[in-house]
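Below is one structure, written out as C-alpha cells; the observations come after it.
The values are calculated or read from the model by the stated rules, or taken from the named source; none is laboratory data. Everything numeric here is computed off the predicted structure, so don't read it as measured data. Cβ coordinates were reconstructed from backbone atoms using ideal geometry, including for glycine residues, and neighbour counts include every protein chain displayed. When the accessible area is computed, the model is the full protein with side chains, heavy atoms only, and any ligands, DNA or RNA have been set aside. Shrake-Rupley method; radii C 1.70, N 1.55, O 1.52, S 1.80 Å.
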Amino acid sequence: MIRRLLSLGAATLAALAGGCGDGPSTVPGGYRSPATWSSFVYATSSGPLLLEVRGDPFGTGTARLEAAVAASMAAALPGRPFAMTTDASQAPRPAFRVTVVLGPARDLDDRDICAGRAVPVTSSPGDGGRVDVAAAFCDGSSLLSSSRGWVAKVEDIDDRRFRRMLEQIARDLMGDPQ
C-alpha cells in the first residue's frame, strides 16, 4: 500500500513539474487491472506483443513510425525483455496489444482505444512542436491499463525526448509486478 502511495506521489510530482517545461510528461490512467502484469508476461512469453499505432504527426510513413515506437517501448523494461510487432500474424497472442494514438482528442475515453474507436484528431505536431499521446494495453476490447503523455519542441521521431516519453508510457502501461 505504501509503495502505491509513493508511486502516486511521484507521478503527481512529475506531472506538476513536467507541466512547467517542454516535457516529456506522462500520467497513468485512472484504471489499472490487477491482471496487467501477468497478462503482459503471458502475452510476451512466446513471442512479440502486438502494437497498433494510430496517427502520424511527423509524416514519416507508417513503417518508420511503427518501428520507432516499437523500439522505444520494447526498451522500457530491461528487467523483462520483450519485442513488439505490428503484424498480428507474428504475435502469438494478438488479443493482447498496445495501442498508441498520436494526436488523440482531449476527451478520448481510454476504453475507446481498446474498442477501436480512437481516431487521431491532429495530423502534425501542435503549437511549439507538441505531440500528445494516449496509449492503452488491451485484452481484446477490454482495457487493462492506460497512460497519456506529451512532449513539446519535437520535430521528428528521432528526438530523444519523444522516445523517452514512449518508454515511460510503456512503463506506465505494464507497470511494476508488485
Q) Among the residues of region 12-31 satisfying the criterion of being surrounded by fewer than 19 Cβ atoms within 10 Å (Cβ to Cβ) and within 29 Å of Ala91 (Cβ to Cβ), which is modelled with the highest pLDDT? A) Val27
Q) When the residues of region 140-155 are filtered to those that are crowded, with 24+ Cβ neighbours inside 10 Å and hydroxyl-bearing (Ser, Thr, Tyr), which remaining residue is nearest to Arg117 (Cα to Cα)? A) Ser146
Q: Considering each of Arg93, Arg97, Arg32 in turn, give the residue that is charged (D, E, K, R) and in contact with a helix residue (DSSP H, G or I) (Cβ under 7 Å, 6 or more places away or on another chain).
A: Arg93
Q. Just checking, which of Ser7, Ser72 is assigned to a helix (DSSP H, G or I), at pLDDT below 95, out of contact with any Cys (no Cβ under 6 Å at 6 or more places or on another chain) and of a type in the set (Ser, Thr, Tyr)?
A. Ser7
Q) Which condition number in (1) closer than 19 Å to Ser45 by Cβ; (2) in a loop (DSSP other than H, G, I, E, B) is the one that Phe137 fails? A) (2)
Q: State all residues of region 48-67 that are of a type in the set (Gly, Ala, Ser), farther than 14 Å from Val133 by Cα and surrounded by 15 or more Cβ atoms within 10 Å (Cβ to Cβ); if no residue qualifies, say none.
A: Ala67
Q: Would you check if there is a residue in region 86-93 being at pLDDT 95 or above, closer than 16 Å to Leu143 by Cα and either part of a helix (DSSP H, G or I) or aromatic (Phe, Trp, Tyr) (or both)?
A: no
Q. Which of the residues belonging to region 72-84 are surrounded by 14 or more Cβ atoms within 10 Å (Cβ to Cβ) and out of contact with any helix residue (DSSP H, G or I) (no Cβ under 7 Å at 6 or more places or on another chain)?
A. Ala74
Q | Unique match (being among the acidic types (Asp, Glu), part of a helix (DSSP H, G or I) and open to solvent by 10 Å² or more (accessible area, probe 1.4 Å)) among Asp132, Asp158, Asp176, Asp172 | A | Asp172
Q | From the options Pro120, Pro125, Pro104, residue that is open to solvent by less than 30 Å² (accessible area, probe 1.4 Å), touching a Pro at 6+ places or on another chain (Cβ under 7 Å) and more than 19 Å from Arg171 (Cβ to Cβ) | A | Pro104
(Q) Taking the conditions exactly as written (over 21 Å from Ala67 (Cβ atoms) and either within 16 Å of the chain's Cα centre (by Cα) or not small (Gly, Ala, Ser) (or both)), does Asp109 satisfy them or not? (A) yes
